[in-house]
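J.: Sending over a structure as structure tokens; questions will come in a sec.
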Amino acid sequence: MKRIFKLKHWDGISTKEIKNLKNKTKTIGIIGASRKLGVTHVSICLANFLHSALKEKVLYIELGNESSLFGFVGQTRVQIEDSVGFMYKGVIYVLACEIKEAVKLIDSYKGYIVIDVTNISEETKVILNRCEKLNVIGSMKPWCKADVYNLFNLMKGGGIKNTLFLNKSQEKNEITEFIRAFKIPGVALPIIDNPFSIKEKDFASLIKMIM
Amino acid sequence: MIPHGIEDEYDIVQILQETAATAVLLVNYKKIGALRILKAIHRAHPNAPNILSEAHLLQGIKSSQIPTIYSVEDTAEMNYLVEEFVEGPTLREYLLETKLSKEELIQLSISLCDVMEALHMAKDEPVIYRDLKPEHIILQEGRIRLIDFGISVKKSKAAKAVPLGTKKWAAPEQLIGGIIDERCDIYSVGKIIEYMQINSYGKDDYKIRKIVNRATMPDIEKRTSSIKELKHQLYELNNSNDNENGKGNLEKKIAVVGTDHAVGTTLIAINMCRYLNKIGKKAYYRDVEGDCIHKLMSNLEDAVIKEGILYHKKFKGIINYGDAVEPHIPPKGLKIIDCGTNIDKATDCDVIIMVINLSPWKNQNLPTWINDKSIYILGNLSSKLDCIKLAKRIKKQVYKYPQLQSVKRLNKEEERIFSTILQNEKDI
């Protein structure tokens with residue numbers, strides 16, 4: 001009885017999870033099974049959480065040929081190794097980054113790295129294999145399920161052990177179905193309104209994406 | 001040189017100053033029998049136009065704290081200016097006989113800012129006074145009146161003005177002929193407040209000292225930027241003094257600041273927070289210099305974070321999140337501010353606990369305002385004998401902080417020290 005009361009009173013976040021988090025995972029990848037699932041949104045949330053909430057050094061790498069973030073974060077230019085980055089709210093953004101350049105940054109950067117992997121290909125697999133944690137965003141809705149299966153088939157044999165599936169909808173049945181099929185942990189994708197103004201209540205779900 | 005042709009209107013009462021080509025006279029205006037000041041200068045004198053420009057300068061200024069100009073005359077031989085005779089002791093004369101109370105000091109400082117604000121907000125463009133010193137400040141019924149605008153200039157003409165002013169009171173840039181703007185008057189106002197503070201019962205008040213230090217920064221860019229800002233700071237200080245008794249303990253701030261690094265400032269601040277919470281006061285720790293709370297977040301595993309506060313047993317710490325986390329409204333309660341070694345941050349607080357390590361290789365410099373009653377000295381990692389020696393030297397009690405066996409919990413000796421210190425602070 002006493003324990004229940006205590007839990008109700010302390011409905012905050014335990015620092016035990018933060019302590020466990022430290023020095024374990026440094027390179028975190030985020031990939032989407034289908035298009036427009038919010039990969040960039042979640043990646044920015046993670047990067048901002050690591051820097052603003054935990055005061056960690058964070059490098060954000062966006063793979064691809066073009067970037068829609070440039071207009072927003074691209075005001076303060078910084079040099080990071082041989083690459084050009086942009087500092088925004090303490091996070092360094094390397095936008096529209098090529099695979100070779102990304103590999104070099106992953107190998108040399110001392111701090112957390114959040115990688116926004118747009119899609120899976122033979123080239124991006126090189127990056128995925130270097131991630132210590134991979135967050136896959138997908139939807140187990142009947143019309144999207146095939147994309148999730150395709151992605152996991154393509155990733156087979158990649159050697160990524162620490163993967164978390166983030167289901168676009170909050171439906172528990174869908175998450176259970178995914179866990180049964182792939183034997184990989186799955187949770188509902190957290191709803192975070194503004195990735196540049198994270199709320200404390202979002203911390204617990206963001207910690208799961210790093211651990 | 002006593003001017004001719006004034007006898008019809010004025011009787012000379014006293015010659016205040018006289019040279020071959022100039023004169024300053026105290027005269028009686030016959031028509032109404034009032035005392036006035038008559039300044040006269042020969043037209044051939046290079047400063048002759050100055051008298052006229054002084055009158056022009058004062059024209060657009062709306063303030064009862066500057067003398068009224070009655071007439072300006074421009075004859076074939078002389079230039080005259082007749083102005084109000086401001087009666088009363090100068091600030092220097094007044095302070096020779098009187099020691100100001102803290103309240104009086106703040107009131108006079110605000111009054112000085114009022115007149116300076118009137119000059120800086122003059123109708124057409126700001127007037128830079130340039131010659132503020134105790135001899136030019138007259139005290140009349142508890143307020144300040146300013147006299148002698150001989151070297152004042154309009155801001156637009158300040159760049160071409162001859163570098164004039166009085167050493168000690170004038171801003172450094174003014175004396176070397178640098179760029180002159182309102183901030184050179186702010187420097188002089190700061191100097192006057194400092195002069196008044198030395199001759200007051202508030203001479204150890206670190207809050208006034210902080211205001212003075214900012215106003216008298218030799219670097220113009222670091223100096224208080226406007227007279228309004230300076231006045232606002234003085235008003236805030238005045239209000240905080242007025243509300244001192246009514247200020248609830250929930251709004252009080254206690255600063256813990258070290259004279260050097262690694263003297264135990266953070267430990268003492270954390271333990272003070274624990275102690276206050278233990279005795280039922282709501283106290284929150286805040287680190288304004290480092291990221292101690294984030295280290296606690298990472299290293300403690302039995303703490304909880306809720307609404308921007310880290311809770312661990314009796315400890316409550318305000319988390320300093322970065323820009324990308326939605327800010328929380330600070331909780332109501334006593335704030336224990338860990339200032340590291342930043343003494344400037346400490347001077348914003350109501351009580352200051354200064355931690356000093358008396359080892360010879362440590363910095364032991366104490367500020368000049370150490371005798372303020374809201375400042376307590378804690379000798380940490382130091383022997384009792386060293387604490388006694390320091391107490392004798394600074395003529396102030398030095399508390400010896402106990403040697404700790406464990407940093408994880410408060411010990412009785414620590415509680416006794418905190419209790420002794422805080423019993424002097426009735427509000428807490």
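J.: Filter segment B:290-301 down to residues that are assigned to a loop (DSSP other than H, G, I, E, B) and either at the interface with chain A (Cβ under 7 Å from one of its Cβ atoms) or at pLDDT 90 or above (or both) and give me whichever is farthest from the chain's Cα centre (by Cα).
T.: Filtering first and then ranking leaves B:Glu301.
J.: Here is a further query. Which of (1) within 38 Å of the chain's Cα centre (by Cα); (2) of a type outside the set (Lys, Arg); (3) not in a strand (DSSP E or B) is the odd one out, the single condition B:Leu81 does not satisfy?
T.: Here B:Leu81 meets the rest and fails (3).
J.: Taking segment B:99-156, which residues are in a strand (DSSP E or B), among the charged types (D, E, K, R) and farther than 28 Å from B:Asn239 by Cα?
T.: Step one: list which residues in segment B:99-156 are in a strand (DSSP E or B), which gives B:100, B:127-128, B:137-140, B:143-146, B:153-154.
Remaining after also requiring among the charged types (D, E, K, R): B:143, B:145, B:154.
Passing the criteria: only B:Lys154.
J.: Looking at B:Tyr275, B:Tyr376, which one is away from every other protein chain (no Cβ under 14 Å), closer than 14 Å to B:Ile254 by Cα and free of Cβ contacts under 8 Å to residues at least 60 places away in the same chain? Write out each step before concluding.
T.: Details: B:Tyr275 fails: free of Cβ contacts under 8 Å to residues at least 60 places away in the same chain.
Just one listed residue meets the conditions, B:Tyr376.
J.: Got at least one residue in segment A:90-106 being within 14 Å of another protein chain (Cβ to nearest Cβ) and surrounded by fewer than 19 Cβ atoms within 10 Å (Cβ to Cβ)? Spell out the reasoning first.
T.: Going through segment A:90-106, the residues within 14 Å of another protein chain (Cβ to nearest Cβ) turn out to be A:90-93.
Right, trim to surrounded by fewer than 19 Cβ atoms within 10 Å (Cβ to Cβ) and you get A:90.
Among the residues of segment A:90-106, at least one is within 14 Å of another protein chain (Cβ to nearest Cβ) and surrounded by fewer than 19 Cβ atoms within 10 Å (Cβ to Cβ), which makes the answer yes.
J.: Moving on. Do you know which residues across segment B:89-140 are over 20 Å from B:Asn199 (Cβ atoms) and hydroxyl-bearing (Ser, Thr, Tyr)?
T.: B:Tyr129 - this is the single residue of segment B:89-140 that is over 20 Å from B:Asn199 (Cβ atoms) and hydroxyl-bearing (Ser, Thr, Tyr).
J.: Hey, another quick one. Would you check which residues across segment B:312-328 are facing chain A (nearest Cβ under 7 Å) and more than 24 Å from A:Leu46 (Cα to Cα) and list them?
T.: Of the residues in segment B:312-328, the ones facing chain A (nearest Cβ under 7 Å) are B:321-326.
Matches in segment B:312-328: none.
Here is a yes/no grid of residues against (1) surrounded by fewer than 20 Cβ atoms within 10 Å (Cβ to Cβ); (2) among the charged types (D, E, K, R); (3) in the same structural domain as B:His42 (by TED's automatic domain parsing):
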residue	(1), (2), (3)
B:Asp74	yes, yes, yes
B:Leu112	no, no, no
B:Ile128	no, no, no
B:Leu146	no, no, no
B:Lys160	yes, yes, no
B:Pro163	yes, no, no
B:Pro172	yes, no, no
B:Gly177	yes, no, no
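J.: Still on this model: Given the residues B:Ser298, B:Ser188, B:Ser225, which is the only one that is farther than 30 Å from B:Glu415 by Cα and crowded, with 17+ Cβ neighbours inside 10 Å?
T.: Selected residue: B:Ser188, the only one of B:Ser298, B:Ser188, B:Ser225 that is farther than 30 Å from B:Glu415 by Cα and crowded, with 17+ Cβ neighbours inside 10 Å.
J.: Separate question: Given the residues B:Tyr311, B:Tyr285, which is the only one that is touching a helix residue (DSSP H, G or I) at 6+ places or on another chain (Cβ under 7 Å) and either within 30 Å of B:Gln364 (Cα to Cα) or outside the structural domain of B:Lys207 (by TED's automatic domain parsing) (or both)?
T.: B:Tyr285
J.: Counting only residues that are in contact with a Leu (Cβ under 9 Å, 6 or more places away or on another chain) and not aliphatic (A, V, I, L, M), which one in segment B:301-321 is surrounded by the most Cβ atoms within 10 Å (Cβ to Cβ)?
T.: Ranking the qualifying residues of segment B:301-321, first place goes to B:Gly317.
J.: Every residue in segment B:398-426 that is surrounded by 14 or more Cβ atoms within 10 Å (Cβ to Cβ) and closer than 20 Å to B:Asn371 by Cα, please.
T.: Within segment B:398-426, B:Val398, B:Tyr399, B:Lys400, B:Tyr401, B:Ile417, B:Phe418, B:Ile421, B:Leu422, B:Glu425 qualify.
J.: Exactly one condition in (1) surrounded by fewer than 18 Cβ atoms within 10 Å (Cβ to Cβ); (2) in contact with a helix residue (DSSP H, G or I) (Cβ under 9 Å, 6 or more places away or on another chain); (3) over 22 Å from B:Ile37 (Cα atoms) is not met by B:Pro89; state its number.
T.: The single condition B:Pro89 does not satisfy is (3).
J.: Here's a follow-up. Taking the condition touching a residue at least 24 places away in the same chain (Cβ under 8 Å) and surrounded by 15 or more Cβ atoms within 10 Å (Cβ to Cβ), does B:Asn79 pass?
T.: yes
J.: What single numbered condition from (1) more than 14 Å from chain B (Cβ to nearest Cβ); (2) surrounded by fewer than 18 Cβ atoms within 10 Å (Cβ to Cβ); (3) farther than 15 Å from A:Leu46 by Cβ fails to hold for A:Asn162?
T.: (3)
J.: Moving to a separate point now. Out of B:Lys99, B:Lys39, report the one residue that is assigned by TED's automatic domain parsing to the domain that holds B:Leu237, of a type in the set (Lys, Arg) and on the phi < 0 side of the Ramachandran plot.
T.: B:Lys99
J.: Here's something else I'd like to know. I need the full set of residues from segment B:252-266 which are basic (Lys, Arg) and part of a loop (DSSP other than H, G, I, E, B), in order please.
T.: Correct list: B:Lys252 only.
J.: What about A:Lys161, is it among the charged types (D, E, K, R) and touching a residue at least 40 places away in the same chain (Cβ under 8 Å)?
T.: It is false that A:Lys161 is among the charged types (D, E, K, R) and touching a residue at least 40 places away in the same chain (Cβ under 8 Å).
J.: Could you list, in sequence order, all residues of segment A:166-211 that are touching a Phe, Trp or Tyr at 6+ places or on another chain (Cβ under 6 Å) and not in a helix (DSSP H, G or I)?
T.: A:Ile184, A:Gly186, A:Ile198
J.: Take B:Ile329 and tell me if it is buried (at least 18 other Cβ atoms within 10 Å of the Cβ) and assigned by TED's automatic domain parsing to the domain that holds B:Arg416.
T.: Against the criterion (buried (at least 18 other Cβ atoms within 10 Å of the Cβ) and assigned by TED's automatic domain parsing to the domain that holds B:Arg416), B:Ile329 does not qualify.
J.: Please go through (1) within 9 Å of another protein chain (Cβ to nearest Cβ); (2) assigned to a loop (DSSP other than H, G, I, E, B); (3) in contact with an Asp or Glu (Cβ under 9 Å, 6 or more places away or on another chain); (4) modelled with pLDDT of 90 or more for B:Ile305 and return the number of the only condition it doesn't satisfy.
T.: (2)
J.: Right, here's the next one. Can you find even one residue in segment B:351-364 that is among the small types (Gly, Ala, Ser) and closer than 25 Å to B:Glu425 by Cα?
T.: No - not one qualifying residue is present in segment B:351-364.
The values are calculated or read from the model by the stated rules, or taken from the named source; none is laboratory data. Quantities reported herein were computed from a predicted structural model and do not represent experimental measurements. For neighbour counting, all protein chains shown are included, and Cβ atoms are generated from backbone atoms with ideal geometry for every residue, glycine included.
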